[in-house]
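What follows is a single structure, written as structure tokens, with notes after it.
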Amino acid sequence: MIVDLNLKDKHVIVIGGGTEGERKVKALLGQGCRITVISNRVNRFLAGLQKEGKIEFVKARLRDASILDSYEKPFLVLASTDDKELNRQLVQKGRSKGAFVYSVDDPPYSDFSYASVINIEGVIQVAISTSGQSPIVARQLRIRAERVIRRIIKKSDIENAKLQQFARQAARPKIKTVEGRKEFLYSILKDERIQNLIKEDKAEEAKSATLELLQEWVKKSK
């Protein structure tokens, strides 16, 4: 089962600053989480992120999992060293602290496997997974599928996704039932005026029209 974890305001610890650790950090950027990277070395990329305040970097010699003793209740622990046994120890320690855990070289021992993700403007994500059996195959499939996906998904789809989030937040205090809110959100996709504004790249006017539609919807519901 592929899930999209909500990492906003959560603490994520990445142990290991090599190629795999760097990939994990790149995937975490933009997720709104607090990222701590623990490694015995720092490369230019990680140093730049530390300088920009995007990550916390802790330089430490990694001998065992005791490095995690300093952290209480991390949400996610990613073991990305080149030592399989150390990664297992880190996974065990992270799990004992109640965290979701992942080891880069030991998917069966992890709580989840990484999917290969097609990310379109940070709004729409399409994941391809082999359930940890072959990340390389998943990556190759992603490259092939991405060419097709990017042709299918239009700018209006991305703007509609953003507008739906805005509309959901606006509707929550005014439409009390989940079913009612769902019907309202569908009505936005069918509203010709709103959809034309999106096609004309008038996002703010589309939001105003959505609020007007919400007022009409609430009146009809009374």
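Pull out a ≥ b ≥ c, the square roots of the eigenvalues of the alpha-carbon gyration tensor of region 1-112, then state rounded if a/c is under 1.5, prolate if not and a/b is larger than b/c, and oblate in the remaining case.
Rounded, since a/c falls under 1.5.
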Given the options Val218, Ala206, Ile128, identify the residue whose Cα lies farthest towards the positive end of the charge dipole of the chain (+1 on Cβ of Lys, Arg; -1 on Cβ of Asp, Glu). Val218
From the helices alone, meaning DSSP H stretches of at least four residues, give me the mean residue ellipticity at 222 nm for the chain, per-run term -39500 (n - 2.57), in deg cm²/dmol to the nearest 500. -15000 deg cm²/dmol
Exposure proxy ranking, count of Cβ atoms within 10 Å, fewest first, for Tyr102, Tyr71: Tyr71, Tyr102
How large is ³J(HN,Hα), in whole Hz, for each residue of region 90-103 in order, when computed from phi with the Karplus curve 6.51 cos²θ - 1.76 cosθ + 1.60 and θ = phi - 60°, using x for Gly and Pro? 5, 5, 4, 5, x, 5, 5, 8, x, 8, 6, 10, 8, 10
Specify which labelled value, from (1) 0.97; (2) 1.01; (3) 1.07, agrees with Rg/Rh (Cα atoms, Kirkwood Rh) derived from the coordinates of the model shown. (3)
Roughly how many nanometres apart are two label points built 7 Å out from the Cα toward the Cβ at Asn40 and Lys73? 3.3 nm
Plugging the Cβ-Cβ distance of Ala127 and Lys154 into 1/(1 + (r/R0)^6) at R0 = 35 Å yields, to the nearest 0.05, a FRET efficiency of 0.95
Magnitude of the charge dipole, region 1-72, Cβ model with Lys/Arg +1 and Asp/Glu -1, debye to 20: 320 debye
In degrees, nearest 10, range 0 to 90: what is the angle between the Cα axis of helix 155-171 and the longest Cα principal axis of the chain? 80 degrees
Taking the beta-carbon count within 10 Å as an exposure proxy, list Arg142, Arg172 from fewest neighbours to most. Arg172, Arg142
Once a ≥ b ≥ c are taken as the square roots of the eigenvalues of the Cα gyration tensor of region 67-178, is the result rounded (a/c under 1.5), prolate (a/b larger than b/c) or oblate (a/b not larger than b/c)? oblate
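Of Lys59/Lys84; Lys26/Lys162; Lys176/Lys207; Lys174/Lys199; Lys26/Lys84; Lys8/Lys182, which ones are farther than 26 Å apart at the Cα?
Too far apart for the 26 Å limit: Lys174/Lys199.
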Which length gain, in nm to one decimal place, applies between Asn196 and Glu216 when the Cα-Cα distance is subtracted from 0.36 nm times their residue separation? 5.3 nm
Lys/Arg Cβ at +1, Asp/Glu Cβ at -1, dipole of the chain taken about the Cα centre: which of Phe75, Gly21, Leu185 is farthest positive-ward? Leu185
Exposure-ranked with fewest Cβ neighbours within 10 Å first, Thr19, Thr177, Thr130 stand as Thr177, Thr19, Thr130
In sequence order, calculated HN-Hα J values of region 187-199 (Karplus, 6.51, -1.76, 1.60; Hz; x Gly/Pro): 5, 5, 5, 9, 6, 5, 5, 5, 5, 5, 5, 5, 4
Have a look at the DSSP beta bridges in the chain and tell me what percent are antiparallel, nearest 5. 25 percent
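Pop the C-beta distance of Val58 and Thr19 into the FRET formula with R0 = 30 Å and round what comes out to the nearest 0.05.
So the FRET efficiency works out to roughly 0.95.
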Between Ile136 and Asp83, what is the label-to-label distance in nm when each label sits 7 Å out along the Cα-to-Cβ direction? 2.6 nm
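Quick note: the coordinates plus some simple rules give every number you see, no bench work behind them. Because the structure is predicted, anything quoted here is derived from the model rather than measured. Neighbour counts are summed over all protein chains in view; Cβ atoms, including those assigned to glycine, are modelled from backbone coordinates with ideal geometry.
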